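Written below as structure tokens is the structure these notes are about.
The values are calculated or read from the model by the stated rules, or taken from the named source; none is laboratory data. All values reported here derive from a predicted model rather than from experimental measurement. Cβ atoms come from the backbone with ideal geometry, glycine included; neighbour counts cover every protein chain shown. These accessible areas exclude ligands, DNA and RNA; they are computed on the full protein's heavy atoms, side chains included. Shrake-Rupley method; radii C 1.70, N 1.55, O 1.52, S 1.80 Å.
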Amino acid sequence: MRPRLAINRTVAPGLPLPEFLALASGAGVEGVEIRDDVPGCELADGTPVAEIRARIEDAGLAVASINALQRFNDWTGEREDEAAALAARARDLGAPGIVLCPVIDETAGWTEAEAADRLVAGLRGLAPILGDAGVIGYVEPLGMKGSTMNRQAQAVAAMREIGDAAPFQLCYDTFQFFRRGDDRLYPEHVGLVHVSGITRNDLAPGDLTEPDRGLVGEVDRVGNLAQLAALPDYAGFVSIEPFDPAVQSDPDLAARLAESCALLRAGLDRG
């Protein structure tokens, strides 16, 4: 069974939900990632979750995840409330889980031990909330400067301390893996994959930022197809997550997206 393709809401954050779903269907993907941080869009605009779910199902699509609970490793009462609300939304939307993002703060000043303890504390607080809702927490290492969890090894160590029965898997972002120069992959823990392509070659990996992330094409510094080939047994969603404004406003986005999906499918089939 090969992985299924999905598109993240970042592909076209300016489109109303029906048009976004039509874009996804036209590209032939099987799922969508819904975000709670896109102003004016579903979840952020008060649209009832039942209506969102019905629209997605009527389009013949599945929900790959809700993206995302921010600062999960800064566990507070406020974070607990945010997590409970998001987990309930994921359950009601039919999403298998929610993406968990770490604190991004170059002034955090946490030692390695403090960062590890905070990861465990966040996961320990999340475990019963996610378990009660019946959803997974997709722990996503982020490779940008100031990230307090930028390698898969950090995430996996914390997940193992919580225990194998806890509702956590890795969200493996190929760009973040490339940007950080991560050198350790844990295929057995991967539950969700994010992909995006980089064509610019004037910056070192660590200097690339989110707006540099485009669709996956033939020219691709990230090496998405090679990274995906390292997950031979993975059968979850591979979600396309660009942030490049030029992609998001491209009048030919539907055609460009279809081309990218065809390239990814061919690579996955060869893998």
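What number, in nm² with one decimal, is the all-direction average of the projected area of the convex hull of the alpha-carbon atoms of region 21-149?
Working: hull surface 34.0 nm².
Mean projected area of the Cα convex hull: 8.5 nm².
If the viscosity is 1.567 mPa s and the temperature 4 °C, what translational diffusion coefficient in µm²/s does Stokes-Einstein give for the chain when Rh comes from Kirkwood over Cα pairs?
69 µm²/s
So what's the back-of-envelope 222 nm ellipticity for the chain, counting only DSSP H runs of four-plus at -39500 (n - 2.57) apiece and dividing by all residues, rounded to 500? Walk me through the numbers before you get to the answer.
Working: 9 runs with 106 residues, N = 271.
Calculated mean residue ellipticity at 222 nm is -12000 deg cm²/dmol.
For GLN70 and ASP45 in the same chain, what is the full-extension length gain: residue separation times 0.36 nm, less their Cα-Cα distance, in nm?
On the way: separation 25, 0.36 × 25 = 9.00 nm, distance 1.87 nm.
Full-extension gain reported as 7.1 nm.
Regarding region 50-126, what whole-number volume in Å³ per residue does the convex hull of its Cα atoms give?
Each residue corresponds to 97 Å³ of Cα convex hull volume.
Treating only the Cβ atoms of Lys and Arg (+1) and Asp and Glu (-1) as charged, compute the dipole magnitude of region 1-149 about its Cα centre; round to the nearest 20 debye.
On the way: 13 positive and 23 negative charges, 93 e Å.
Taking the Cα centre of region 1-149 as origin, the dipole is about 440 debye.
Please list, ordered by chain and number, the residues whose modelled amide H lies under 5 Å from the amide H of GLY146; skip anything fewer than 5 residues away on the same chain.
Amide H neighbours of GLY146, under 5 Å, 5+ apart: none.
Leaving out ligands, DNA and RNA, what percent of the accessible area of region 1-50 is carbon and sulfur, probe 1.4 Å?
59 percent
Identify, among TYR234, TRP110, ASN150, the residue whose Cα sits farthest towards the positive end of the charge dipole of the chain, taking +1 on the Cβ of Lys and Arg and -1 on the Cβ of Asp and Glu, with the dipole about the Cα centre.
Projecting each Cα onto the dipole axis, the largest value belongs to TYR234.
Taking Cα pairs under 8 Å and at least six residues apart, what relative contact order does region 114-271 come out at, in percent?
Numbers: 241 pairs, mean separation 30.3, N = 158.
Once normalised by length, the contact order is 19 percent.
Given H placed 1.01 Å from N in the peptide plane, which residues other than close sequence neighbours of ILE136 have an amide H under 5 Å from its amide H?
Sorted by chain and number, the residues that satisfy this are GLY97, ILE98.
Counting GluC sites (Glu not before Pro) as exposed when in a DSSP loop with at most 10 other beta carbons within 10 Å, what is the longest stretch of the chain free of them? Provide the component values of the computation, followed by the final result.
On the way: sites that count: GLU106, GLU218.
With GluC sites (Glu not before Pro) excluded where exposed in loops, the chain gives 107-217 as its longest stretch.
Which distance in nm do the two modelled labels at ALA262 and ASP58 give, with both placed 7 Å along the Cα-to-Cβ direction?
Those two pseudo-labels are separated by 3.1 nm.
Could you give the nm distance between label points at ALA88 and ALA255, where each point is 7 Å from its Cα heading toward the beta carbon?
According to this spin-label approximation, the distance is 4.7 nm.
Give me the distance in nm between label points sitting 7 Å out from Cα along the Cα-to-Cβ direction at THR107 and ASP164, one decimal.
4.4 nm
Can you work out the base-10 log of I(q)/I(0) for region 185-245 at q = 0.12, 0.13, 0.16, 0.20 1/Å, using the Debye formula on its C-alpha atoms alone?
-0.31, -0.37, -0.55, -0.81
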